[in-house]
1. Can you list the trypsin sites (Lys or Arg not before Pro) in region 14-107 that are in a DSSP coil and have 13 or fewer other beta carbons within 10 angstrom?
2. Going by the alpha-carbon gyration tensor, a ≥ b ≥ c the square roots of its eigenvalues, is region 75-148 rounded (a/c under 1.5) or, if a/c is not under 1.5, prolate (a/b greater than b/c) versus oblate?
3. Can you work out the FRET efficiency for the pair Ser132 and Leu28, with r the C-beta to C-beta distance and R0 = 25 Å, to the nearest 0.05?
4. Any idea of the accessible area per residue across the chain, 1.4 Å probe, to the nearest Å²?
5. Projected onto the charge dipole of region 70-117 (+1 at Lys/Arg Cβ, -1 at Asp/Glu Cβ, origin at the Cα centre), which of Gly92, Ala104, Gly81 gives the Cα projection farthest towards the positive end?
6. At a 1.4 Å probe, what is the % contribution of carbon and sulfur to the accessible area of the chain?
7. Grab the other residues whose beta carbon is less than 13 angstrom from that of His112, score K and R as +1, D and E as -1, and report the net.
8. Once you put a point 7 Å from the Cα of Arg93 and another 7 Å from the Cα of Glu111, both along the Cβ direction, what distance in nm separates them?
Amino acid sequence: MARRLRSNLPDGYFHVTARGVAGEHVYLDDDDRRTFLAILAAALTRTRLEVHALCLMGTHYHLVLDGLVRDLSRVLHRVNGTHAQAFNARHGRFGHLFADRFSARAIESEEHLVEACRYVVLNPVRAGLVDSPAEWPWSRSRYGFDVA
């Protein structure tokens with residue numbers, strides 16, 4: 001089944017993910033994650049997109065964003081491209097860092113928004129990296145970490 005065109009997504013809330021090519025890591029350490037967050041923050045200043053939740057894992061990231069669909073591709077293209085360049089330069093590698101294009105799904109209700117944020121912050125718990133979402137320094141949610 002073909003993917004829904006992003007231009008057909010409604011403005012509003014989005015659950016966005018991007019994965020490393022062939023399951024490779026897109027962050028090797030905390031410096032890589034700090035760099036990614038700085039790149040994301042800089043890209044967001046030029047838009048009305050707002051972050052409601054995020055989680056940076058090793059091989060992928062999740063974002064829950066609110067804003068205009070036209071800003072989504074522009075921002076994520078910049079973020080993924082700039083992060084890949086910085087990552088490749090820092091680690092002496094070349095080529096693609098992210099597999100395919102990022103995935104964006106529309107969030108269609110308040111309940112869906114809360115569930116998406118819960119899903120995002122529980123990612124490191126489900127992966128067995130921490131016992132509680134609050135223990136993972138690379139995730140946050142406007143709804144807090146009390147998601148049990």
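The values are calculated or read from the model by the stated rules, or taken from the named source; none is laboratory data. As the structure is a prediction and not an experimental result, all values here were calculated from the model. Heads up, the Cβs are rebuilt from the backbone with ideal geometry, glycines too, and the neighbour counts pull from every protein chain shown. The protein model used for the area step is the full one, side chains on, heavy atoms only, and it has no ligands, DNA or RNA in it. Shrake-Rupley method; radii C 1.70, N 1.55, O 1.52, S 1.80 Å.
1. Taking region 14-107 and a limit of 13 other Cβ atoms within 10 Å, the loop trypsin sites (Lys or Arg not before Pro) found are Arg46, Arg48, Arg93, Arg101.
2. Oblate, since a/c reaches 1.5 and b/c is not below a/b.
3. E(calc), rounded to 0.05, equals 0.55.
4. 55 Å²
5. Final value for the positive-end residue is Gly92.
6. 52 percent
7. Taking every other residue near His112 into account, the sum is -3.
8. 4.1 nm
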